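Student: I am attaching a structure below and will ask some questions about it afterwards.
The values are calculated or read from the model by the stated rules, or taken from the named source; none is laboratory data. Note that the structure is a prediction, hence the values are computed from the model and not measured. Every residue, glycine as well, gets a Cβ built from its backbone with ideal geometry; the counts of neighbours run over all protein chains shown.
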Amino acid sequence: MSGWRIPGFLVVLWTTFTAAPLWAGLSNSLLDVSADGALIACSNRDNGTVSIIEQKTRKVLHEVAVGHKPEGVSFIGATHQLAVAVYADDVVVFVDADRGTKLGETGVFDEPYGVVSNAAGTKLYVTQEYPGRVAEIDPATRQIAREIPAGSMPRGIALDEAHGRLYVCEYLTAALIAIDLKTGEILHRWQGPSSENLARQLVLHPTRAKAYLPHIRSRVSVHQGEGSVLPYVSVVDTDSTAEKQRKTMPMDSFVGAFVVANPWETAISPDGKTMVTVFAGTDDGFVSQVLDDDYRELSFRSVLRLGRNPRAVRFSPDGKECYIYNALDFDLAVYGSSFSRPEHIRVCENPLTEEQLTGKILFYSALQPMVGRRWISCSSCHPDGDPDGRTWQNPEGLRNTMTLFGMAWTHPIHWSADRDEVQDFEHTIRGPLMQGQGLIRGSVHESLGTPNSGRSRELDALAVYSNSHKFTFSPHAKSGLSEAAQRGRELFQSGETKCAECHRGPYYTDSVPVKPFKLHDVGTGDDDPGEKMGPKYDTPSLLGIYRSAPYLHHGKAATLEEVLTRWNKNDRHGKTSQLSPAQVSDLVEFLKALPFEDPEPQAKAAGLVKIEK
């Protein structure tokens, strides 16, 4: 179904059915408020807990350990029971918010992010970023009732019970998808430009057929900070297939020339008149008036100066308060209707070392001394260590964004191995991309030359944080290697394919911080006429490759099958031309199963070098 327009009488019904909703769990967020307004729940990603705050007393009643990297939270219907999407542990955890106790959990395939509840509290819907599904869970039994296909890497989710629809947004494309709740079929997809990127949350208007998505626009052909990454909120007319059904609001020019970076979440007041959007890069928030004009959509009201790395925003059910979570202050700011002089609630203690926290603050900052023009931060391309799924036209040629996971064990850095320490990114901080003052006083040593480590406490802290990311196990190996993956493993390690000659050891790479670095010409350097540094490249780790498409330095391989076939010219990237389709499939199954064991103990036993700073 390509789209629809709701007749006038149904628009009236829309208003009737949604004018007084239960406000718990209608759209995903790292914050939620119980339907009676008594409790606030906040997920704390860094220390693996959920904090329960009493609205009346402003006190943290409980802090409940739920697992590694909790993301979305949702009260279940009108109850004080809570569902938490624990991203790195692949579980949805159920919590009694009154008692502060864990009630149980439901395992999902991989990477649960957003969670919403229906009004009756009888169904939960949870996005699974990989492999692109929504799990429908019965909270009473904690069993998965069904799995619904939901595009590619969905994160944001919102529920429209009145019309029997579920909305999700794709993380890497910012596409909005409408799903029929009854059949599980995709009804329509609203796609913006191909440059739209990193949409992790969406919200529906309470009385009108509108959806709002905060995201960025990654212009991969521009390598200057004032034009490469731009902040947007997209407004989608969900009852329309007209040409203007999706409008993008450029938030960097929303109020004069006041630039903001990395929109993370947005919220709309229960009366549908006010929107608040938080920007995790510049530590700002915008308060906007929501217009009923189907044209301008939003009108600026005020700027909020927030704490460090704001990641969540939520209104109280009566609309009298707005809550904003400043993730790297571990603080909940409570604003009244005037949005002045907030109260602050410490929701949890900082679990990071002082050095790790300093490094993480710098990594997410789009302010000086990291950035001069406010548009971009390290996290604009590597949020939480993930790649952004983009291939950038850099001055040296096409470069597919790499993950930071396992980087401490796989130096040198970059496809071209042109940096042997994170501290060399002082050149990027001072260069055209970020245009920052920098973290070193004085001149900077050349990359691959005299070390820049030890010359700045802040720069060393940035390196500590950047090198701290660890892999989680592949969901394809939860029950061990399948028979197909075992066959693929034999092929991978065989002298016939020669895959393991370069992709060897616990991190499946021969990249080590010993000069001269091992670079390989695998026949891909000539695929990009703009290449300046190839045709030899550093060997990337294969761990986590199941969810990091596209592949190769130029990002032209859309799938692992294409890496082994279409883009392996003359068998220069392993000998695979002789493999049958079944053997290629087995080899892919093995690659998808990586990692199936913790690589660090093996790396330590093998005497590999870990870069601590």
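Student: Listed residues 504, 489; which is surrounded by fewer than 18 Cβ atoms within 10 Å (Cβ to Cβ) and either of a type in the set (Lys, Arg) or not in a loop (DSSP other than H, G, I, E, B) (or both)? Please lay out each step first, then the result.
Tutor: On the way: 489 fails: surrounded by fewer than 18 Cβ atoms within 10 Å (Cβ to Cβ).
Unique residue meeting the criteria: 504.
Student: Sticking with this structure for a sec: Quickly run through the range 579-592 and pick out the residues that are among the aliphatic types (A, V, I, L, M) and either in a helix (DSSP H, G or I) or buried (at least 24 other Cβ atoms within 10 Å of the Cβ) (or both). Before you say what the answer is, go through the steps one by one.
Tutor: Start the filter on the range 579-592 by keeping residues that are among the aliphatic types (A, V, I, L, M), which leaves 579, 582, 584, 587-588, 591.
Across the range 579-592, the qualifying residues are 582, 584, 587, 588, 591.
Student: Now for a different question. Regarding the range 425-448, can at least one residue be identified that is in contact with a strand residue (DSSP E or B) (Cβ under 9 Å, 6 or more places away or on another chain), touching a residue at least 24 places away in the same chain (Cβ under 8 Å), within 30 Å of residue 131 (Cβ to Cβ) and not basic (Lys, Arg)?
Tutor: No, the range 425-448 contains no residue that is in contact with a strand residue (DSSP E or B) (Cβ under 9 Å, 6 or more places away or on another chain), touching a residue at least 24 places away in the same chain (Cβ under 8 Å), within 30 Å of residue 131 (Cβ to Cβ) and not basic (Lys, Arg).
Student: Just checking, which of 453, 511 is modelled with pLDDT of 95 or more and not assigned by TED's automatic domain parsing to the domain that holds residue 359?
Tutor: Answer to the selection: 511.
Results for (1) without any contact (Cβ under 8 Å) to a residue 12 or more places away in the chain; (2) in a strand (DSSP E or B); (3) assigned by TED's automatic domain parsing to the domain that holds residue 311; (4) not β-branched (Val, Ile, Thr), shown as yes or no for each residue.
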position	(1), (2), (3), (4)
174	no, no, yes, yes
183	yes, no, yes, no
211	no, yes, yes, yes
214	no, yes, yes, yes
217	no, yes, yes, yes
223	no, no, yes, yes
234	no, yes, yes, yes
256	yes, no, yes, yes
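Student: Please work out which one of (1) buried (at least 23 other Cβ atoms within 10 Å of the Cβ); (2) of a type in the set (Lys, Arg); (3) farther than 29 Å from residue 67 by Cβ is the condition residue 360 fails and give its number.
Tutor: Among (1) buried (at least 23 other Cβ atoms within 10 Å of the Cβ); (2) of a type in the set (Lys, Arg); (3) farther than 29 Å from residue 67 by Cβ, the lone unmet condition for residue 360 is (3).
Student: Quick test for you: out of 210, 247, pick the one residue that is charged (D, E, K, R) and crowded, with 20+ Cβ neighbours inside 10 Å.
Tutor: Going through 210, 247 in turn, just one is charged (D, E, K, R) and crowded, with 20+ Cβ neighbours inside 10 Å: 210.
Student: Contact list please: Cβ distance under 9 Å, first residue in the range 150-169 and on the phi > 0 side of the Ramachandran plot, second residue in a strand (DSSP E or B) and surrounded by fewer than 18 Cβ atoms within 10 Å (Cβ to Cβ), pairs at least six apart or on different chains.
Tutor: These pairs meet every condition: 151/186; 151/189; 164/180.
Student: Run down 189, 165, 217, 208 and say which single residue is under 25 Å from residue 280 (Cα atoms), touching a strand residue (DSSP E or B) at 6+ places or on another chain (Cβ under 9 Å) and charged (D, E, K, R).
Tutor: Checking each option against the conditions leaves just 217.
Student: Give the residues of the range 36-68 that are without any contact (Cβ under 8 Å) to a residue 40 or more places away in the chain and either touching a helix residue (DSSP H, G or I) at 6+ places or on another chain (Cβ under 8 Å) or among the polar types (S, T, N, Q) (or both), sorted by residue number.
Tutor: 57
Student: Just for the range 341-372: of the residues that are of a type in the set (D, E, K, R) and part of a loop (DSSP other than H, G, I, E, B), which one is nearest to the chain's Cα centre (by Cα)?
Tutor: Out of the qualifying residues, it is 349.
Student: List the number of the failed condition for residue 136; all other conditions in (1) under 24 Å from residue 313 (Cα atoms); (2) surrounded by fewer than 24 Cβ atoms within 10 Å (Cβ to Cβ); (3) not polar (S, T, N, Q) hold.
Tutor: (1)
Student: Right, another one. Answer with yes or no whether residue 303 is closer than 14 Å to residue 205 by Cα, touching a strand residue (DSSP E or B) at 6+ places or on another chain (Cβ under 8 Å) and outside the structural domain of residue 377 (by TED's automatic domain parsing).
Tutor: no
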